[in-house]
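A short write-up of the structure that comes next.
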Amino acid sequence: VASERRLCTQRSEEIMRDAVNVMPGGVSSPVRAFRSVGGNPIVFESTKGSKIVDVDGNEYIDYVLSFGPSVVGSANDEVIEAVSTQARKGLSFGAPSYLENQLAHAIIDAVPSAEMVRFVSSGTEACISAARLMRAYTGREKIIKMTGCYHGHGDSFLVSAGSGVATLGLSDSPGVLKSVASATIVVPYNNIEAIREVFRKHQGEIAGVFLEPVVGNSGFIEPLPGYLAELREITKQNGALLLFDEVMTGFRISYGGAQSHFDVTPDLTTLGKVIGGGYPVGAYAGPRHIMETVAPAGPMYQAGTLSGSPVGMAAGLKTLEILRRPGTYEYLQRITQRLVEGLLDAARSNGHEACGGSLYSMFGMFFTKGPVHNFEDAKKSDTEKFKKFHRGMLEEGVYLAPSQFEAGFTSLAHTEDDIERTIEAARRVLARIPA
Ligand code: PMP
């Protein structure tokens, strides 16, 4: 077992010194800049399976997995083969391809709420489009979202958002029209009374409720027993639509997503990450009578030059095929539970307050006693301690998401040995950090 090592990140530092001059903050997406954990961001060169290698040649066990897509392991050989075969036939048609039917069928077979699917190119686009659809279908304007949930960077969602927005301490964003932001009503996750209150106050005005059924963007937070079912009931009673944003949880929390695991079927579902197998693919899905509001079947406009990109479809199809093999979710469940149990024990046995959990291949740990039921609770975490933990783990060859407010991910490529090495690394790091 490797002991503490110093991390040489000279090349990463050189590249970031140049990057900050040509891209805002030196990155293409804010969390990558390591603002909340400090230190120079790591610049990567290659990834395979459960490992990722930086430009200085350091290898890490990867629990970020491109923020979720690589559930079968990064650069999986079968996915690469499927992508290469498709790439030789064409990168993009800007016209229908049979691959779209195939991926649509795979999604419809798996996800209970999906009868029809529209493909887009990111989770953000899926959520923006689904919000428009909610409004178009109901003829109502207001949307309820939960504090600390992230649904991409659409104007309607940059209100008390999670992920990078939470990490940077921005509760919302300049440039968002006040009239748009004011149509978003925010309530705490896991608080059913708060939702009831909003519906009482805004009778007949709520188009729908948007949420991450299991939260990943304030760290990992599970729904309380009965919460999702109650949301289903309340939205139905009020003629509002329920949307599960399963961009992160889709095909991760069971093959049919969180809705399948918790047996609560929303009206609409947004997807991304895993369904593109590492390529930019998103989707929104729902019952035929709602989805046929979308152009050209109906009047709600939404389009995309690269939507349904054949290479992305091929990567997604192969990824789902691998996930359907026997034992995959049981394996993911087992190694991830072991990981979290080991991390919590490493923290607590060294005198640190910690809580955490996992569902299949998604997990999290907070440096607070807990329980954490929403973003308000998550904010009690000791983020200074997380910062030291994150840096310590990098030095030990473990790459965790650079924020206390991001979930972690495992993949089919993570071995039991990877998990035990990670736990041992955490023990060493947490023993060095003052409790
Ligand atoms: N919804 C959820 C639940 C997400 O986790 C994310 C991204 N982390 C998004 C939407 C936005 O997806 P994208 O980054 O692909 O635009």
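The values are calculated or read from the model by the stated rules, or taken from the named source; none is laboratory data. What you are looking at is a predicted structure, and each value in this text was computed from that prediction instead of being measured. Because the Cβ atoms are built from the backbone with ideal geometry, glycine has one as well, and the counts that use them run over all protein chains shown.
Hey, among the residues in the stretch 263-284 that are in contact with a strand residue (DSSP E or B) (Cβ under 8 Å, 6 or more places away or on another chain) and in a helix (DSSP H, G or I), which one's nearest to the ligand (Cβ to nearest atom)?
So the residue we want is G276.
If you check F93 against the conditions, is it aromatic (F, W, Y), touching a strand residue (DSSP E or B) at 6+ places or on another chain (Cβ under 6 Å) and modelled with pLDDT of 95 or more?
Spelling it out, it is not the case that F93 is aromatic (F, W, Y), touching a strand residue (DSSP E or B) at 6+ places or on another chain (Cβ under 6 Å) and modelled with pLDDT of 95 or more.
Being assigned by TED's automatic domain parsing to the domain that holds D418 and not β-branched (V, I, T) narrows it down to one of K369, K273, so name that one.
K369
Which one is surrounded by the most Cβ atoms within 10 Å (Cβ to Cβ), of the residues in the stretch 30-71 that are polar (S, T, N, Q) and part of a strand (DSSP E or B)?
By that ranking, first place goes to T47.
Quick check, is E222 within 16 Å of the ligand (Cβ to nearest atom) and of a type in the set (D, E)?
yes
Please work out if A258 is part of a helix (DSSP H, G or I), more than 12 Å from the ligand (Cβ to nearest atom) and over 14 Å from M134 (Cα atoms).
Against the criterion (part of a helix (DSSP H, G or I), more than 12 Å from the ligand (Cβ to nearest atom) and over 14 Å from M134 (Cα atoms)), A258 does not qualify.
Would the stretch 297-307 turn up any residue that is in a strand (DSSP E or B) and at positive phi?
Scanning the stretch 297-307, I find no residue that is in a strand (DSSP E or B) and at positive phi, so the answer is no.
Just to be sure, is V43 under 25 Å from G216 (Cα atoms) and modelled with pLDDT of 95 or more?
yes
Of all the helices (runs of 4 or more DSSP H) wholly in the stretch 122-186, which have at least 3 residues that are under 19 Å from Q302 (Cα atoms), within 16 Å of the ligand (Cβ to nearest atom) and not assigned by TED's automatic domain parsing to the domain that holds K379?
It comes to 123-138.
One residue is enough: does the stretch 2-23 have a residue meeting the conditions surrounded by 12 or more Cβ atoms within 10 Å (Cβ to Cβ) and within 25 Å of I80 (Cβ to Cβ)?
No, the stretch 2-23 has no match at all.
Among the listed residues A315, A258, A283, which satisfies the condition of being on the phi < 0 side of the Ramachandran plot and touching a Ser or Thr at 6+ places or on another chain (Cβ under 6 Å)?
A258
Go through the stretch 119-143 and give me each residue that's touching a helix residue (DSSP H, G or I) at 6+ places or on another chain (Cβ under 7 Å) and surrounded by fewer than 24 Cβ atoms within 10 Å (Cβ to Cβ).
Across the stretch 119-143, the qualifying residues are Y137, E141.
With the requirement that a residue be part of a helix (DSSP H, G or I) and among the aliphatic types (A, V, I, L, M), what does the stretch 352-408 give you?
Answer for the stretch 352-408, where residues must be part of a helix (DSSP H, G or I) and among the aliphatic types (A, V, I, L, M): A378, M393, L394.
Take the stretch 92-114 and flag every residue that is assigned to a loop (DSSP other than H, G, I, E, B), under 23 Å from the mean Cα position of the chain (by Cα) and either within 11 Å of G304 (Cβ to Cβ) or more than 16 Å from the ligand (Cβ to nearest atom) (or both).
Of everything in the stretch 92-114, those that are assigned to a loop (DSSP other than H, G, I, E, B), under 23 Å from the mean Cα position of the chain (by Cα) and either within 11 Å of G304 (Cβ to Cβ) or more than 16 Å from the ligand (Cβ to nearest atom) (or both) turn out to be P112, A114.
Considering each of S349, S309 in turn, give the residue that is out of contact with any helix residue (DSSP H, G or I) (no Cβ under 6 Å at 6 or more places or on another chain), surrounded by 24 or more Cβ atoms within 10 Å (Cβ to Cβ) and of a type in the set (S, T, N, Q).
Exactly one residue qualifies, and that residue is S309.
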